[in-house]
Every structure is written in C-alpha cells, then in structure tokens.
Amino acid sequence: MNISYRLGWLGFRAIYRFYFRWRAFNAERVPLTGAVILASNHASFLDPPLVGSGLHRGINYLARESLFRFPGMGALLRSWSAVPVDRDGGGAAGLKAILDRLLAGGVIILFPEGTRTRDGRLQPARSGIGLVVIKSDAPVVPVRTFGTFEAYGRHITFPRPKPVAVKYGRPMPFETLRAEAKNCSKARLKEIYQQIADDIMAAIAKLEPKEDK
C-alpha cells in the first residue's frame, strides 16, 4: 500500500467499524502475495471498499473511465492504481489493463453479476469474468458481502447505519478448464467462460456470514 491508498484504507475501515459495525471473515484465505482475482456479489456501492478493507494488501479497483477526466478524482484513482473501464465494464482496453495488473502480481476485484442487484438477491453471472480467468493464471477467491443492500442499496439515497459483513471463500484454481480452453473450439470456449462464471457464483452463494474453521 502506498500512502494514499493506506490513508483511504484506514478511513474506510473506520467508517465500516463505527458506522456500519462491520465484520470480516476468513481474510487469511486471500494470498498476501501474487496475482488474485476477487469475485464478489454486488449489492451496493459499499461493496468494493468493503472487500478491500478486510485485506492487508492493496487491491486494484475498477472505475469508470469518465471519472479519470476530473483532475482531483483522476489523481486519486491513479494513486490507488484503479483500472479505467468503460460504462459497461468491458472493452479491450479495460481487459488489457486488468490482465496487466494480474500479470504484475496484483489483486483485482470483479463482480460476476456485472451490476448491482435491484432486489437484494444474487443475480446470474455474466461470462465476462470467465474470460478474465481463462486469460490469467490467478486463483479466484469468491467473496460475499452481507447487509450492504439494506445499508445502501439502489433504493436508498443515503447510507443507513446497518451492520455489514464480508466473507472470503477458499481459492478456486480452474486448472482443468484453463487447460481445456487452450485447444477447444470457439463454441466450447464460450461455454467454458459461462461455466466458470456460474461456478464462481455458486461458490459465492454458499458463503455464510460466520467464521469457518
């Protein structure tokens, strides 16, 4: 963590502790070194910093490319090594930036659902995360946030002091599907992307807000 990131990290941890009475479970499952893909559900704008606040290493967030055009905001996002993506979160440039961060041994947080839930329930996964997984060698850690929809979902204009929590699952390697993807047909490759996305979403769904031993 550089100074800018650490100050933000400490600030968010204070907010989550005193305003949201947060809890973090099994953060030790996220490797402290090397590339990692954090795959989380998405219920609120609170989710990205919540996931990052539970870890003692810096992670790379995705941010809309348009935000980088504002001098102050752009400088802050760059100091946090945020990845600029287009409005839909895709595009060749965004994918390359994500893979570059992983190749450099960084941590990327991705949301398989693609957008925030409208009703608090988990949504079907989109295949985009499967593409990232196949094109990298990074382990995937499923992550689930709890209470963020009730605290600051789409229907809420100002964050409410509701309890929130974040749970980190066990790393998912995907070696078998990565090996198959090297020589399969294009049709099968698309199936693999979706299969990976579905498997990740299923792992997220199994996480519960308690410590695993």
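The values are calculated or read from the model by the stated rules, or taken from the named source; none is laboratory data. Values in this document were obtained by computation on a predicted structure and should not be read as measured data. Every residue, glycine among them, receives a Cβ derived from its backbone with ideal geometry; neighbour counts consider all protein chains shown.
For the structure I just gave you, tell me whether L122 is in a helix (DSSP H, G or I), over 19 Å from R57 (Cβ atoms) and of a type in the set (A, V, I, L, M).
On the way: in a helix (DSSP H, G or I): no; over 19 Å from R57 (Cβ atoms): yes; of a type in the set (A, V, I, L, M): yes.
No.
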Exclusive hit being outside any strand (DSSP E or B), out of contact with any Leu (no Cβ under 6 Å at 6 or more places or on another chain) and surrounded by fewer than 12 Cβ atoms within 10 Å (Cβ to Cβ), set A187, A202: A187
Out of the residues in the stretch 147-175 meeting the condition of being under 30 Å from K210 (Cβ atoms) and among the hydroxyl-bearing types (S, T, Y), tell me which one is surrounded by the most Cβ atoms within 10 Å (Cβ to Cβ). T148
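Let me confirm something: among A63, A39, which residue is modelled with pLDDT of 95 or more and of a type outside the set (D, E)?
Going through A63, A39 in turn, just one is modelled with pLDDT of 95 or more and of a type outside the set (D, E): A39.
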Could you check, for the stretch 55-72, whether at least one of its residues is closer than 19 Å to G11 by Cα and free of Cβ contacts under 8 Å to residues at least 12 places away in the same chain? yes
Could you identify the single residue in D137, D100, D119 that is without any contact (Cβ under 8 Å) to a residue 40 or more places away in the chain, closer than 28 Å to R188 by Cβ and acidic (D, E)? D100
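How about the stretch 9-35: which of its residues are touching a helix residue (DSSP H, G or I) at 6+ places or on another chain (Cβ under 8 Å) and either surrounded by fewer than 19 Cβ atoms within 10 Å (Cβ to Cβ) or among the hydrophobic types (A, V, I, L, M, F, W, C) (or both)?
Within the stretch 9-35, the subset touching a helix residue (DSSP H, G or I) at 6+ places or on another chain (Cβ under 8 Å) is 9, 12-13, 16, 20, 22, 24, 35.
W9, F12, R13, F20, W22, A24, A35, listed by residue number.
Check V36, V51 and return the single one that is touching a residue at least 12 places away in the same chain (Cβ under 8 Å), β-branched (V, I, T) and more than 27 Å from E150 (Cβ to Cβ). Before the answer, list the steps.
Values: V51 fails: more than 27 Å from E150 (Cβ to Cβ).
Result of the check over V36, V51: V36.
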Is at least one residue of the stretch 104-127 exposed (fewer than 14 other Cβ atoms within 10 Å of the Cβ) and either in contact with a Leu (Cβ under 8 Å, 6 or more places away or on another chain) or under 25 Å from E28 (Cβ atoms) (or both)? yes
K210 fails exactly one of the following numbered conditions: (1) loosely packed, with under 15 Cβ neighbours inside 10 Å; (2) basic (K, R); (3) assigned to a helix (DSSP H, G or I). What is the number of that condition? (3)
So which of V140, V133 is out of contact with any Pro (no Cβ under 9 Å at 6 or more places or on another chain) and within 21 Å of V30 (Cα to Cα)? V133
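Residues A82, A75: which one is surrounded by fewer than 17 Cβ atoms within 10 Å (Cβ to Cβ) and among the aliphatic types (A, V, I, L, M)?
One residue alone meets the criteria, A75.
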Within the stretch 140-179, how many residues are touching a strand residue (DSSP E or B) at 6+ places or on another chain (Cβ under 6 Å) and either free of Cβ contacts under 8 Å to residues at least 40 places away in the same chain or in a strand (DSSP E or B) (or both)? 12
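Tell me the strands (runs of 3 or more DSSP E) entirely within the stretch 3-117 that contain at least 1 residues that are at negative phi and over 13 Å from the mean Cα position of the chain (by Cα). Outline the logic, then answer.
Details: elements: 23-25, 36-40, 62-64, 83-85, 107-110.
In the stretch 3-117, the matching strands (runs of 3 or more DSSP E) lie at 23-25, 62-64, 83-85.
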